[in-house]
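The values are calculated or read from the model by the stated rules, or taken from the named source; none is laboratory data. All of these numbers come straight from a predicted model, not from anything done at the bench. Cβ coordinates were reconstructed from backbone atoms using ideal geometry, including for glycine residues, and neighbour counts include every protein chain displayed.
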């Protein structure tokens, strides 16, 4: 028994040694594996993990450049940027907004409009990008959030430059406004726009968006364990947006708007020699600053429910029949086609009949204007002269000539979405009707009625062509740009020019008729020229919103306000050396001579003489002083 127990002890000892060896071998192999893995991580993949570690410690932060400033022709600021604070949310760090938004609203005041705009802006945005939640924080809000910041990971207060319009209502339909970036902007403007909180929505802010916004930069920011920035370790600088200098004059813009008073309509003033826009108004207007950080529902509803449509840009998107203000262009076409001579005389008995038809087309003057030539037909606005001329010309040649004056097309103005309007033609009628073209439609086309749709931009451009000897200039608002403050201004150069007429004698005859309109004894615009220190050329017009049976005109004073005619005027001054051309459209104004021409006179006076209308004011250090105004020639005796 004893020997057997000894034998078992020897076996047990041997078994223990085997197990101990196996365990030791396992430990050695495990340690060797760990050492090999440690070597792999620390040596073989050192660079990869060092980069990952650096990325965890260093964040790449976008640097948004300052948006370019906008100036008037004299260097006065119209749109700039002011420092402000906003609340931003990095979606990937903040988590579900429904969880933290109610608590955040106890620290910073968040309106329903703020929250709606945030939810709209965050759609489709990657989690690593920040989305604005509230713009223009007050100082006390910034202070309160700084105390509670630890409760809201991914939410930060960020400084930025907020767009400001110093004359928002005055230039609403010229400069336009910026607004917060939305899904549509991200889709149309590309991925880079996601780094910007605002983008141009309307006006020059939209058409020059790429130049104004600049190029995004980046900063490498070292952060602590709480994610707070400690220092900047690298930087790719942002490129500031380009500054724009407009051809528009601030004081002339004031004068134009003041001249309208409470009336609705549109007007444009340009330099007829270059096509540069000097002033441009669409009334009523609105304050563009309301839109910069998201307009409230109440303010937006007030604007959209206004029957006068303040948001509607009448110069770019609107339009209507031009009435008699196209008679100078049609008269010039008649001369160029060889259908009339300046001295050829006609008799107006007060009514015109198409041969073989009983319907009469009446003149504006009961009993007619009697004997008249081309110049007098313009000055007195003799409808029967243009009924016959349009019929002799035919609608095909009439429309062809009007296209040469730029009607039915864009003016080249550097604004998005310009309406082309329409010129009476067979093609146009076929596009909207199955009816054939009738001779009566040609007749009324001769006095600017029927299928005509024109804007003040088109009218002032065509008028300037007469002022500049038949040269038709494209229009432009921006005259120069520079790549940041302190850089030299670069002029944009002249706009393209085509020809409305190549016959100086014919242009001169029409010009003389327009001078008689303003200074002749029977001219329809003579009342607006009384006491003028310079000679004007112009044409009044009335575009019907309704008509009486058998008559193309109706006394606007006998009509309800919403049916009253549009009053129009086109002209330029000084007549012998034109420095400014103007087109005015007054909605519900009635007669052009009494409603639209006086507005143009005040615009002429402001530009040529420095006389500002009552209520226009002038910015200190500004004004149209003698050094800025073109010299006006003295009036000749007898005009």
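If I filter segment 398-422 down to residues being over 21 Å from the mean Cα position of the chain (by Cα) and under 23 Å from residue 468 (Cα atoms), which single residue comes out as surrounded by the most Cβ atoms within 10 Å (Cβ to Cβ)?
Per the stated criteria, the residue is 405.
With respect to residue 257, is the statement that it is outside any strand (DSSP E or B) and either in contact (Cβ under 8 Å) with a residue 24 or more places away in the chain or closer than 19 Å to residue 457 by Cβ (or both) true?
yes
Considering only residues of segment 203-224 that are under 20 Å from the mean Cα position of the chain (by Cα) and free of Cβ contacts under 8 Å to residues at least 40 places away in the same chain, which is nearest to residue 291 (Cα to Cα)?
209
Would you call residue 577 assigned to a loop (DSSP other than H, G, I, E, B), at pLDDT 95 or above and over 25 Å from the mean Cα position of the chain (by Cα)?
Yes, satisfied.
Would you mind stating whether residue 583 is in a helix (DSSP H, G or I), at pLDDT 70 or above and either in contact with a strand residue (DSSP E or B) (Cβ under 7 Å, 6 or more places away or on another chain) or crowded, with 21+ Cβ neighbours inside 10 Å (or both)?
no
Might you let me know whether segment 275-282 holds any residue that is part of a loop (DSSP other than H, G, I, E, B) and touching a strand residue (DSSP E or B) at 6+ places or on another chain (Cβ under 8 Å)?
yes
If you go through segment 355-375 one residue at a time, do you hit one that is part of a loop (DSSP other than H, G, I, E, B), surrounded by 21 or more Cβ atoms within 10 Å (Cβ to Cβ), in the same structural domain as residue 508 (by TED's automatic domain parsing) and over 39 Å from the mean Cα position of the chain (by Cα)?
Checking segment 355-375: at least one residue is part of a loop (DSSP other than H, G, I, E, B), surrounded by 21 or more Cβ atoms within 10 Å (Cβ to Cβ), in the same structural domain as residue 508 (by TED's automatic domain parsing) and over 39 Å from the mean Cα position of the chain (by Cα).
Looking at segment 524-538, can you tell me whether even one residue there is within 30 Å of residue 429 (Cβ to Cβ) and outside any loop (DSSP other than H, G, I, E, B)?
Looking for residues that are within 30 Å of residue 429 (Cβ to Cβ) and outside any loop (DSSP other than H, G, I, E, B), one finds none in segment 524-538, hence no.
Cβ contacts < 8 Å: first residue in the same structural domain as residue 462 (by TED's automatic domain parsing), restricted to segment 495-516; second residue at pLDDT below 95, any location; separation 6+ or different chain. Result?
515/639
Could you pull out the residue among 395, 444 that is out of contact with any helix residue (DSSP H, G or I) (no Cβ under 7 Å at 6 or more places or on another chain) and either in a helix (DSSP H, G or I) or free of Cβ contacts under 8 Å to residues at least 60 places away in the same chain (or both)?
Just a single option satisfies the conditions, and that option is 444.
Which is outside the structural domain of residue 266 (by TED's automatic domain parsing) and in contact (Cβ under 8 Å) with a residue 40 or more places away in the chain, of 132, 102?
132
Going through segment 376-388 one residue at a time, which ones are out of contact with any strand residue (DSSP E or B) (no Cβ under 9 Å at 6 or more places or on another chain) and either modelled with pLDDT under 95 or buried (at least 24 other Cβ atoms within 10 Å of the Cβ) (or both)?
If the condition is that a residue be out of contact with any strand residue (DSSP E or B) (no Cβ under 9 Å at 6 or more places or on another chain) and either modelled with pLDDT under 95 or buried (at least 24 other Cβ atoms within 10 Å of the Cβ) (or both), then 386 is the only one that fits.
To keep it simple, each residue is scored yes or no on (1) closer than 20 Å to residue 126 by Cβ; (2) modelled with pLDDT of 90 or more; (3) outside the structural domain of residue 167 (by TED's automatic domain parsing).
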residue: 194; (1), (2), (3): yes, no, no
residue: 200; (1), (2), (3): no, yes, no
residue: 224; (1), (2), (3): no, no, no
residue: 233; (1), (2), (3): no, no, no
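Out of 520, 525, report the one residue that is modelled with pLDDT of 95 or more, closer than 30 Å to residue 418 by Cβ and touching a helix residue (DSSP H, G or I) at 6+ places or on another chain (Cβ under 9 Å).
Among 520, 525, only 525 is modelled with pLDDT of 95 or more, closer than 30 Å to residue 418 by Cβ and touching a helix residue (DSSP H, G or I) at 6+ places or on another chain (Cβ under 9 Å).
Quick one: which of 117, 172 is surrounded by 14 or more Cβ atoms within 10 Å (Cβ to Cβ), assigned to a helix (DSSP H, G or I) and in contact (Cβ under 8 Å) with a residue 60 or more places away in the chain?
From the options 117, 172, the qualifying one is 117.
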